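Participant: What follows is a structure written as structure tokens; I'll ask about it next.
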Amino acid sequence: MYPAPFRYFRPGSLDQALTLLSELGESSRPLAGGQTLIPILKLRMDEPTDLVDIGRLPGLGSINIEDGIIHIGSLATHARIGRHAVAGMIPVLADCANGIADAQVRNRGTIGGSVSTADPSCDWPTLLHTLDADIVCQNAHGSRSVPIREFIADAYTTALGNAELVTGIRFKCPPENSGGSYIGFKKAAPAYPAAAAGIQITLAEGDVCSDVRLVLGAAGPRPVICGEAESILRGNTITRANLEKAAEAIIAESDPPSDIRGSSGFKRTMLHSLFMQAADIAINRARGNRVQGVHEYV
Ligand SMILES: Cc1cc2nc3c(=O)[nH]c(=O)nc-3n(C[C@H](O)[C@H](O)[C@H](O)COP(=O)(O)OP(=O)(O)OC[C@H]3O[C@@H](n4cnc5c(N)ncnc54)[C@H](O)[C@@H]3O)c2cc1C
């Protein structure tokens, strides 16, 4: 199907884009990589009057580290993040970026578009919860930083105001004795995950877990932070028995919906298994070992 008619604008700077969005009002939409918005327009699930193409705005695709803070510009594509030196330092970024869809989507789709969509199955929002990231938002009047757990308000709903853009993502570089892992379970490469588990764990001497963040994706309207499972691990020595206890808590804490990707019971079983695999990789990385992360396919 063809989209409903719309006007197309391509501003030359961020300031111009913000002014345009504010002038055009609520029936306008920013267009980044188009990998989510264009299919939605073609299905006529949304009929905006105006599209403001931000995809080529200068300066919003950069990735850098300054004073121990990683900054990823909102227009950084999944492919660019996956092959960037920062993903070599923090391999969980490569786990996430390289597992999204296929090469075509990864070359066009952006991290800013992913968090702005707030699709419960999107990979970046879940992973960014494990890193306690902040989302940098800007409108014509100024910018603000919103913690990801406040930014994703509900399924397909964010804290973004009218005429406000995501301009970047920021998080602290995890310490040396910390490791992360993110695994999604997918039917095929160009499909969203049926279930996903992310973990970031920090180890002290004697394999004691000094800090941990456990988050599930596609398990509810928003990424699910598993507080009970985290408290089973935090402050305790990592043992197989503790990990199993945490996995059981994860199953109790999650209530994934039954849908075309699987029944709730099937997804719970997958979450248990994904968590155990992700924990194994993250712990090894926290111990300083190089471990390859991969998604699970049917
Ligand atoms: C076949 C297919 C498979 C996919 N599989 C996966 C998958 O496995 N995992 C996954 O995570 N994703 C998947 N995706 C989605 C993909 O990652 C998209 O790239 C991403 O969700 C949206 O990014 P985009 O740059 O294309 O955004 P667009 O499509 O351009 O925009 C999406 C929405 O966000 C808004 N928006 C975009 N950028 C901004 C911004 N900077 N500030 C404010 N609002 C903004 C737009 O107005 C629109 O409402 C898949 C997509 C396709 C087509």
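The values are calculated or read from the model by the stated rules, or taken from the named source; none is laboratory data. Owing to the predicted nature of the structure, the values given are computational and were not obtained by experimental measurement. We place every Cβ from the backbone using ideal geometry, glycine too, and count neighbours over all the protein chains shown.
Participant: Specify which of the listed residues (Leu203, Leu274) is assigned to a helix (DSSP H, G or I) and hydrophobic (A, V, I, L, M, F, W, C).
Facilitator: On the way: Leu203 fails: assigned to a helix (DSSP H, G or I).
From the options Leu203, Leu274, the qualifying one is Leu274.
Participant: Arg7 is checked against (1) among the charged types (D, E, K, R); (2) in contact with a helix residue (DSSP H, G or I) (Cβ under 8 Å, 6 or more places away or on another chain); (3) touching a residue at least 24 places away in the same chain (Cβ under 8 Å) and fails just one. What number does that condition carry?
Facilitator: (2)
Participant: Confirm whether Leu214 is more than 16 Å from the ligand (Cβ to nearest atom), within 22 Å of Asp134 (Cα to Cα), touching a residue at least 24 places away in the same chain (Cβ under 8 Å) and buried (at least 18 other Cβ atoms within 10 Å of the Cβ).
Facilitator: Details: more than 16 Å from the ligand (Cβ to nearest atom): yes; within 22 Å of Asp134 (Cα to Cα): yes; touching a residue at least 24 places away in the same chain (Cβ under 8 Å): yes; buried (at least 18 other Cβ atoms within 10 Å of the Cβ): yes.
In short, yes.
Participant: Which condition number does Ala204 fail, the rest of (1) outside the structural domain of Arg287 (by TED's automatic domain parsing); (2) surrounded by fewer than 22 Cβ atoms within 10 Å (Cβ to Cβ); (3) more than 24 Å from Ile260 (Cα to Cα) being met?
Facilitator: Going through (1) outside the structural domain of Arg287 (by TED's automatic domain parsing); (2) surrounded by fewer than 22 Cβ atoms within 10 Å (Cβ to Cβ); (3) more than 24 Å from Ile260 (Cα to Cα) one by one, Ala204 breaks only (1).
Participant: Could you grab me the full set of residues in region 277-298 that are buried (at least 19 other Cβ atoms within 10 Å of the Cβ) and part of a helix (DSSP H, G or I)?
Facilitator: First, pick out the residues of region 277-298 that are buried (at least 19 other Cβ atoms within 10 Å of the Cβ): 278-279, 281-283, 285-286, 293, 295.
Ala278, Ala279, Ile281, Ala282, Ile283, Arg285, Ala286 - these are the residues of region 277-298 that are buried (at least 19 other Cβ atoms within 10 Å of the Cβ) and part of a helix (DSSP H, G or I).
Participant: Given the criterion over 25 Å from Ala189 (Cβ atoms), outside the structural domain of Met89 (by TED's automatic domain parsing), of a type in the set (A, V, I, L, M) and at pLDDT 95 or above, identify the matching residue among Leu216, Leu233. I'd like the intermediate steps shown before the answer.
Facilitator: Details: Leu216 fails: over 25 Å from Ala189 (Cβ atoms).
Just a single option satisfies the conditions, and that option is Leu233.
Participant: Is at least one residue of region 185-193 closer than 18 Å to Ala279 by Cβ and either in a strand (DSSP E or B) or not assigned by TED's automatic domain parsing to the domain that holds Arg290 (or both)?
Facilitator: Within region 185-193, one or more residues are closer than 18 Å to Ala279 by Cβ and either in a strand (DSSP E or B) or not assigned by TED's automatic domain parsing to the domain that holds Arg290 (or both).
Participant: Here's a follow-up. Mind listing just one residue for me: the one in region 239-282 that is more than 15 Å from Asp95 (Cα to Cα) and β-branched (Val, Ile, Thr) and, of those, farthest from the chain's Cα centre (by Cα)? Spell out how you get there, then give the answer.
Facilitator: From region 239-282, those more than 15 Å from Asp95 (Cα to Cα) are 239-273, 276; that's our starting set.
Restricting the remaining residues to those that are β-branched (Val, Ile, Thr) gives 239, 250-251, 260, 269.
Details: Thr239: 29, Ile250: 19, Ile251: 21, Ile260: 22, Thr269: 22 Å.
Among them, the one singled out is Thr239.
Participant: Of all residues in region 206-227, how many are of a type in the set (Asp, Glu) and part of a strand (DSSP E or B)? Walk me through it before giving the result.
Facilitator: As a first pass, look at region 206-227 and keep what is of a type in the set (Asp, Glu): 207, 211.
Restricting the remaining residues to those that are part of a strand (DSSP E or B) gives 211.
The qualifying residues number 1.
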